[in-house]
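Asks: Have a look at this one before I ask anything.
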């Protein structure tokens with residue numbers, strides 16, 4: 001049995017404005033720093049076997065707070081990077097939907113299939129870890145992992161997790177199960 005804690009990084013100034021962060025590398029804002037400390041405090045007593053993070057600053061800073069509490073080093077992995085919105089990193093989602101019909105139809109935006117493939121390849125690699133694993137990453141990455149491994153009934157999609165939140169999925173007997181979802185989703 002392996003528990004995977006999917007943690008979303010703390011808030012950034014771009015989160016506050018609703019801009020797509022993508023591969024931009026903003027730091028946490030004051031609320032984000034507080035969220036990262038709160039997340040670390042909440043999870044500090046979990047006996048994690050490893051702590052993985054997206055290499056983007058907002059995720060690394062959030063992971064460092066957890067590292068300070070657990071004593072585990074932060075290991076970054078490119079497969080946990082946020083979705084690449086290409087030339088539209090930093091754009092407002094609503095503007096892309098208005099112009100192209102959806103973010104997915106916007107030219108140059110990384111496909112959700114690619115995000116899913118890279119993120120789930122990392123999850124497959126840690127499914128047999130000797131203890132719980134903490135992963136600090138981005139909303140789209142978490143959502144795609146959840147949609148793939150613990151899908152909702154009726155083909156519904158998971159909602160984006162809040163900044164500074166965590167969800168827990170468990171791998172046991174060859175199956176993934178949702179233990180705690182930080183959203184209004186019900187698996």
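The values are calculated or read from the model by the stated rules, or taken from the named source; none is laboratory data. Here the structure is a predicted model, which means the values were calculated and not measured. Don't worry about glycine lacking a Cβ; one is built from the backbone with ideal geometry, like all the others, and counts go over all protein chains shown.
Asks: Kindly provide the set of residues from the stretch 50-85 that are touching a helix residue (DSSP H, G or I) at 6+ places or on another chain (Cβ under 9 Å) and in a loop (DSSP other than H, G, I, E, B), ordered by number.
Replies: If the condition is that a residue be touching a helix residue (DSSP H, G or I) at 6+ places or on another chain (Cβ under 9 Å) and in a loop (DSSP other than H, G, I, E, B), then 54, 55, 56, 72, 73, 77, 81, 82, 83, 84, 85 are the ones that fit.
Asks: Also: What number of residues within the stretch 43-63 satisfy the criterion of being surrounded by fewer than 16 Cβ atoms within 10 Å (Cβ to Cβ) and touching a residue at least 60 places away in the same chain (Cβ under 8 Å)?
Replies: To start, the set of residues in the stretch 43-63 that are surrounded by fewer than 16 Cβ atoms within 10 Å (Cβ to Cβ) comprises 44-45, 47, 49, 55, 57.
Adding the requirement that they be touching a residue at least 60 places away in the same chain (Cβ under 8 Å) leaves 47, 49.
Qualifying residue count for the region: 2.
Asks: Still on this structure: Residues of the stretch 1-42 being surrounded by fewer than 16 Cβ atoms within 10 Å (Cβ to Cβ), at pLDDT 95 or above and touching a strand residue (DSSP E or B) at 6+ places or on another chain (Cβ under 7 Å), which ones?
Replies: Residues satisfying the conditions do not exist here.
Asks: Please determine whether any residue of the stretch 121-131 is closer than 26 Å to residue 23 by Cα and without any contact (Cβ under 8 Å) to a residue 12 or more places away in the chain. Spell out the reasoning first.
Replies: Step one: filter the stretch 121-131 for residues closer than 26 Å to residue 23 by Cα, giving 121-126.
Keeping just the survivors that are without any contact (Cβ under 8 Å) to a residue 12 or more places away in the chain gives 124-125.
Checked the stretch 121-131: at least one residue is closer than 26 Å to residue 23 by Cα and without any contact (Cβ under 8 Å) to a residue 12 or more places away in the chain.
Asks: Going through 66, 112, 81 one at a time, which residue ends up being farther than 14 Å from residue 21 by Cβ and surrounded by 20 or more Cβ atoms within 10 Å (Cβ to Cβ)? Outline the logic, then answer.
Replies: Numbers: 112 fails: surrounded by 20 or more Cβ atoms within 10 Å (Cβ to Cβ); 81 fails: farther than 14 Å from residue 21 by Cβ.
Going through 66, 112, 81 in turn, just one is farther than 14 Å from residue 21 by Cβ and surrounded by 20 or more Cβ atoms within 10 Å (Cβ to Cβ): 66.
Asks: Shifting gears a bit: Consider residue 46 carefully, then state whether it is at negative phi, within 17 Å of the chain's Cα centre (by Cα) and at pLDDT 95 or above. It would help to see each step written out before you state the result.
Replies: Values: at negative phi: yes; within 17 Å of the chain's Cα centre (by Cα): no; at pLDDT 95 or above: yes.
No; evaluated as a whole, the condition is false for this residue.
Asks: Can you name the residue in the stretch 106-151 that is outside any helix (DSSP H, G or I) and out of contact with any strand residue (DSSP E or B) (no Cβ under 9 Å at 6 or more places or on another chain) and is also modelled with the lowest pLDDT among such residues?
Replies: The residue in question is 151.
Asks: Check the stretch 133-144 and report whether any residue there is exposed (fewer than 14 other Cβ atoms within 10 Å of the Cβ) and over 16 Å from residue 22 (Cα atoms).
Replies: Going residue by residue through the stretch 133-144, those that are exposed (fewer than 14 other Cβ atoms within 10 Å of the Cβ) are none.
For the stretch 133-144, residues exposed (fewer than 14 other Cβ atoms within 10 Å of the Cβ) and over 16 Å from residue 22 (Cα atoms): absent.
Asks: Turning to a different aspect of this structure: Mind checking which residues of the stretch 154-176 are without any contact (Cβ under 8 Å) to a residue 12 or more places away in the chain and either surrounded by 15 or more Cβ atoms within 10 Å (Cβ to Cβ) or part of a helix (DSSP H, G or I) (or both)?
Replies: If the condition is that a residue be without any contact (Cβ under 8 Å) to a residue 12 or more places away in the chain and either surrounded by 15 or more Cβ atoms within 10 Å (Cβ to Cβ) or part of a helix (DSSP H, G or I) (or both), then 154, 155 are the ones that fit.
Asks: Residue under question is residue 103, and the condition is that it be over 18 Å from residue 7 (Cα atoms), surrounded by 13 or more Cβ atoms within 10 Å (Cβ to Cβ) and in contact with a helix residue (DSSP H, G or I) (Cβ under 6 Å, 6 or more places away or on another chain); does it hold? Step through it out loud before you land on a result.
Replies: Working: over 18 Å from residue 7 (Cα atoms): yes; surrounded by 13 or more Cβ atoms within 10 Å (Cβ to Cβ): yes; in contact with a helix residue (DSSP H, G or I) (Cβ under 6 Å, 6 or more places away or on another chain): yes.
It is true that residue 103 is over 18 Å from residue 7 (Cα atoms), surrounded by 13 or more Cβ atoms within 10 Å (Cβ to Cβ) and in contact with a helix residue (DSSP H, G or I) (Cβ under 6 Å, 6 or more places away or on another chain).
Asks: Could you please tell me which pairs satisfy a Cβ distance under 9 Å, a separation of 6+ or placement on different chains, a first residue in the stretch 95-118 that is under 22 Å from residue 80 (Cβ atoms), and a second residue that is at pLDDT below 95 and surrounded by fewer than 13 Cβ atoms within 10 Å (Cβ to Cβ)?
Replies: Pairs that qualify, where the first residue is under 22 Å from residue 80 (Cβ atoms) and the partner is at pLDDT below 95 and surrounded by fewer than 13 Cβ atoms within 10 Å (Cβ to Cβ): there are none.
Asks: Counting only residues that are over 26 Å from residue 65 (Cα atoms) and in contact with a strand residue (DSSP E or B) (Cβ under 9 Å, 6 or more places away or on another chain), which one in the stretch 172-185 is modelled with the lowest pLDDT?
Replies: Within the stretch 172-185, the subset over 26 Å from residue 65 (Cα atoms) is 172-177, 184-185.
If we keep only those that are in contact with a strand residue (DSSP E or B) (Cβ under 9 Å, 6 or more places away or on another chain) too, we end up with 172, 176-177, 185.
Details: 172: 95, 176: 97, 177: 96, 185: 54.
My answer is 185.
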